[in-house]
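Beneath this line is the structure, given in structure tokens, with notes to follow.
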Amino acid sequence: MTTLLALGFSPRKNGNSDLLLKAFIDGAKEAGAEVETVYPRRIKIHACLECGGCDEAGVCVLQDGMEALYPSLIEAERVVVASPVFFFGVPSQAKALVDRCQALWSRTRLFPELKKPRGRGFFIGVGGSKGKNVFTGTDLCVQYFFDAIGLPKGMGQLVYSRVEAKGSIREHPTALAEAREAGRLFMN
Ligand SMILES: Cc1cc2nc3c(=O)[nH]c(=O)nc-3n(C[C@H](O)[C@H](O)[C@H](O)COP(=O)(O)O)c2cc1C
């Protein structure tokens, strides 16, 4: 059975990206997936200090909630990120998680033999505005996060703009059904 690592990047519990992530997970479970769900908002994650510690051994020298998460990030063959757009990026708690994956980037630079081609990623995005570049920054951040943890940069995605009030994604005519179907297909 393939495990899905589901990452909910919003600081807002039960907000729009959480609801989309839950629908995606429901679909993945329908396809037989086991799911590990991680919300950076619930974990103590210190910001990357760019101290250079991971340049030496490919391991982060900071000791916090990331220690328990690194093995899943290295092993997961299916990873979904659900994130709101915050100033064209990802929320700061989630950005700390992403930045701390510099250690994994260093690891495969130091030990290329550890880089095994595996799996794929999926990005679910929500933003409040309607501009055409709403998702550009967040999309790039998530792509390079996938790259750092050893997944291909090319990723499936579902994005919804003009969604702002908490839970208002429920009023979208198709979003939750699309997320559920995407989750089901992602595990095949
Ligand atoms: C600090 C902050 C920054 C935001 N920046 C953007 C932005 O740059 N572009 C945008 O379209 N929406 C922006 N939004 C709106 C959120 O992306 C939107 O409300 C989204 O639906 C929140 O999803 P959530 O309920 O999963 O947290 C911002 C919201 C906050 C609180």
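Bear in mind that the values in this text are calculations on the coordinates, not laboratory data. Please read these numbers as outputs of a predicted model, since none were measured by experiment. Ideal geometry is used to build each Cβ from the backbone, glycine not excepted, and the neighbour counts take in all protein chains shown.
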For region 144-158, list residues with backbone N below 17 Å from a point placed 7 Å from the Cα of L185 toward its Cβ?
154-158
Once you place label points 7 Å from the Cα toward the Cβ at S129 and E164, how far apart are they in nm?
1.1
Return the whole-Å distance between the Cα centroid of region 72-107 and the Cα centroid of region 118-152.
10
Tell me, rounded to the nearest percent, the portion of alpha carbon pairs in the chain spaced more than 23 Å apart.
40
Only helical DSSP H runs with n ≥ 4 go in: add -39500 (n - 2.57) per run for the chain, normalise by residue count and round the 222 nm mean residue ellipticity to 500 deg cm²/dmol.
-11500 deg cm²/dmol
How far, in nm, would the chain grow between I74 and S92 when pulled straight, counting 0.36 nm per residue and subtracting the alpha carbon separation?
4.3 nm
Quick one: of the DSSP bridges fully inside the chain, what percent are antiparallel, nearest 5?
5
Scan the chain and hand back the longest stretch that contains none of the trypsin sites (Lys or Arg not before Pro) lying in DSSP loops with at most 16 other Cβ atoms within 10 Å.
45-114
Please list 3J(HN,Hα) in residue order for region 169-184, calculated via the Karplus relation 6.51 cos²θ - 1.76 cosθ + 1.60 where θ = phi - 60°; whole Hz, with x for glycine and proline.
4, 4, 7, 5, x, 10, 4, 5, 5, 5, 5, 4, 5, 4, x, 5
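Quick check: net charge around G128, other residues with Cβ under 11 Å of its Cβ, Lys/Arg +1 and Asp/Glu -1? Intermediate results must be reported in sequence, preceding the final value.
On the way: positive: K130, R162; negative: E164.
My count for the surroundings of G128 gives +1.
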What is the set of long-range amide H partners of V159 at a cut-off below 5 Å, with H atoms built 1.01 Å from backbone N?
G125
Whether region 1-51 is rounded, prolate or oblate, judged on the alpha carbon gyration tensor where a/c under 1.5 counts as rounded
oblate
From the phi angles alone, apply the Karplus equation (6.51, -1.76, 1.60; θ = phi - 60°) to region 19-34 and give each ³J(HN,Hα) in whole Hz, x where the residue is Gly or Pro.
5, 5, 5, 4, 5, 4, 5, 4, x, 4, 5, 4, 7, x, 6, 8
Rounded to the nearest 20 debye, what is the charge dipole size of the chain about its Cα centre when +1 sits on each Lys and Arg Cβ and -1 on each Asp and Glu Cβ?
460
Keeping to pairs on different chains or 8 or more places apart, tell me how many lysine pairs in region 3-186 have Cα atoms under 20 Å apart.
10
Skipping prolines and chain starts, which residues have an amide H placed within reach, meaning under 5 Å, of the one on T37, given they are 5 or more residues away or on another chain?
A6
Out of E77, E164, E56, any idea which swings most in a Gaussian network model of the chain, alpha carbons joined below 10 Å?
E56
Residue by residue through region 140-148, what is 3J(HN,Hα) from phi via Karplus (6.51 cos²θ - 1.76 cosθ + 1.60, θ = phi - 60°)? Round to whole Hz and write x for glycine and proline.
5, 4, 5, 4, 6, 5, 4, 4, 5
